Amino acid sequence: MRKKITVIGAGNVGATLAHRLADKQLGDIVLIDILEGVPQGKGLDLLESGPIEGYDLKVTGTNDYADTANSDLIVMTAGFPRKPGMSRDDLLKANYDVVKDAIGKAAKVSPNAILIVVTNPLDAMAQTAFRVSGFPRHRVMGMAGVLDTARYRTFIAEALNVSVQNVQGFVLGGHGDTMVPVPRYTTVAGIPVTELMPKEQLDEIIERTANGGAEIVKLLKTGSAFYAPSAAVVEMADAIFNDRKKILPCAAYLEGEYGIQGLFVGVPVKLGAKGIEQIIEIKLTPEEKAALDKSAASVKSLVDVIGV
Ligand SMILES: NC(=O)c1ccc[n+]([C@@H]2O[C@H](COP(=O)([O-])OP(=O)(O)OC[C@H]3O[C@@H](n4cnc5c(N)ncnc54)[C@H](O)[C@@H]3O)[C@@H](O)[C@H]2O)c1
């Protein structure tokens, strides 16, 4: 039996994600959106790519949650993207209504699904999805860390003129300007990055990583990034469907880990068939812990506004 994946939102992230999922043949795909015709049209277009790309998947588009029933994975991408000058937090209330409505309907007909939230502001929307779905915490996660880390790795590889595959590291904290890259745990072919570039250069990269989303928004003028975000979701979906036990930075609901209680924050987790199979706790220096706490406090301030 092929897996069934529902992608809520057939916009830039959702449609590109459906395209990438089909290319990787990860499962049958249902695209759902409030716009009539758009998910159907994009779904049909992707279906018709099958004979050329060599996949036999079902790709469909709909406006009716009944068609999403019994999904194994639901990816929430619907909502409004940032406009230039707009922070992720400005999106809070508008996207809260969207997530509440869509996840309420989707979770009801797919009670055993794993949920990956992409809609911004990410951590607060993941928390909304967690509360609205009533799913256990290992089946609800937010995508941000994989994307932020990919940006971080790209900039380091570019600066050192080495393969991106040599660069390993991760970004902690909320998906926002307070995210916490951890240079101490960043390596290039096993060599600590701190031995390969001066602190000032690494600080510039960290700053660029934290503003990575805004850099693209500024260039595009309308809309925000979608190629790398959709690639990041595919890495998570692949880890889940193939039970890879892959350690990836994801927004997870913390219940005391890292001294944080009752909040979605980006941390390294082990992703496998059950979803989040373990939250990996690493030792942080007092400065790193302070940065993580600051990031968590900014997530908390949003969550308090919407009361989730
Ligand atoms: N977590 C991350 O790292 C990350 C990265 C990129 C984008 N995002 C976020 O993802 C979201 C989508 O971005 P995008 O570029 O695809 O935007 P987009 O405008 O291209 O697409 C959004 C789609 O959502 C649909 N939609 C709106 N309300 C809906 C509802 N109630 N039910 C179903 N569909 C609905 C719209 O019709 C539209 O097709 C934004 O919130 C954006 O900020 C997050």
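The values are calculated or read from the model by the stated rules, or taken from the named source; none is laboratory data. This one's a predicted model, so the numbers in the text were calculated from it and none came from an experiment. Please note: Cβ atoms are built from the backbone with ideal geometry, for glycine as well, and neighbour counts cover all protein chains shown. In case anyone asks, the SASA skips ligands and DNA or RNA and just uses the protein heavy atoms, side chains included. Shrake-Rupley method; radii C 1.70, N 1.55, O 1.52, S 1.80 Å.
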The helices (runs of 4 or more DSSP H) lying wholly within the stretch 200-308 that contain at least 1 residues that are in contact with a Phe, Trp or Tyr (Cβ under 6 Å, 6 or more places away or on another chain) are 286-306
Checking residue 203 against (1) under 18 Å from residue 183 (Cβ atoms); (2) in contact (Cβ under 8 Å) with a residue 12 or more places away in the chain; (3) acidic (Asp, Glu), the condition it does not meet: (2)
Mind counting the residues in the stretch 286-308 that are open to solvent by less than 40 Å² (accessible area, probe 1.4 Å) and of a type outside the set (Gly, Ala, Ser)? 7
The stretch 172-194 - residue that is among the polar types (S, T, N, Q) and under 26 Å from residue 298 (Cα atoms) and, of those, least open to solvent (accessible area, probe 1.4 Å): 186
Looking only at the stretch 106-132, count every residue that is more than 11 Å from the ligand (Cβ to nearest atom) and of a type in the set (Ser, Thr, Tyr) and tell me the total. 2
Per the filter on the stretch 64-113, residues part of a loop (DSSP other than H, G, I, E, B) and either more than 20 Å from residue 39 (Cα to Cα) or open to solvent by 70 Å² or more (accessible area, probe 1.4 Å) (or both) are 64, 70, 80, 82, 83, 84, 85, 86, 87, 111, 112, 113
Report whether or not residue 222 is of a type in the set (Ser, Thr, Tyr) and open to solvent by 20 Å² or more (accessible area, probe 1.4 Å). yes
Only one of 5, 34 is near the ligand (Cβ under 8 Å from one of its atoms) and either open to solvent by 10 Å² or more (accessible area, probe 1.4 Å) or not in a loop (DSSP other than H, G, I, E, B) (or both). Can you tell me which? 34
So which of 267, 217 ends up being under 15 Å from residue 149 (Cβ atoms) and open to solvent by less than 20 Å² (accessible area, probe 1.4 Å)? 267
Please go through the stretch 20-38 and give me each residue that is charged (D, E, K, R) and either free of Cβ contacts under 8 Å to residues at least 60 places away in the same chain or farther than 16 Å from residue 72 by Cβ (or both), ordered by number. 20, 23, 28, 33, 36
Look at residue 197 and say whether it is open to solvent by less than 30 Å² (accessible area, probe 1.4 Å) and either among the polar types (S, T, N, Q) or in a loop (DSSP other than H, G, I, E, B) (or both). yes
Near pairs, Cβ below 6 angstrom, 6+ apart or cross-chain, from the stretch 127-153 (over 19 Å from residue 301 (Cα atoms)) to any residue that is among the polar types (S, T, N, Q): 151/209; 152/209
Taking the stretch 84-105 and keeping residues near the ligand (Cβ under 10 Å from one of its atoms) and not β-branched (Val, Ile, Thr) leaves 86, 88, 91, 94, 95, 97, 100, 101, 102, 105
For the list (1) away from the ligand (no atom under 14 Å from the Cβ); (2) in contact with a helix residue (DSSP H, G or I) (Cβ under 8 Å, 6 or more places away or on another chain); (3) open to solvent by 50 Å² or more (accessible area, probe 1.4 Å); (4) farther than 20 Å from residue 270 by Cα, I need the number of the one condition that residue 137 fails. (4)
Qualifying positions in the stretch 226-252 - open to solvent by 20 Å² or more (accessible area, probe 1.4 Å) and under 17 Å from the mean Cα position of the chain (by Cα): 226, 227, 228, 231, 235, 238, 241, 246, 247
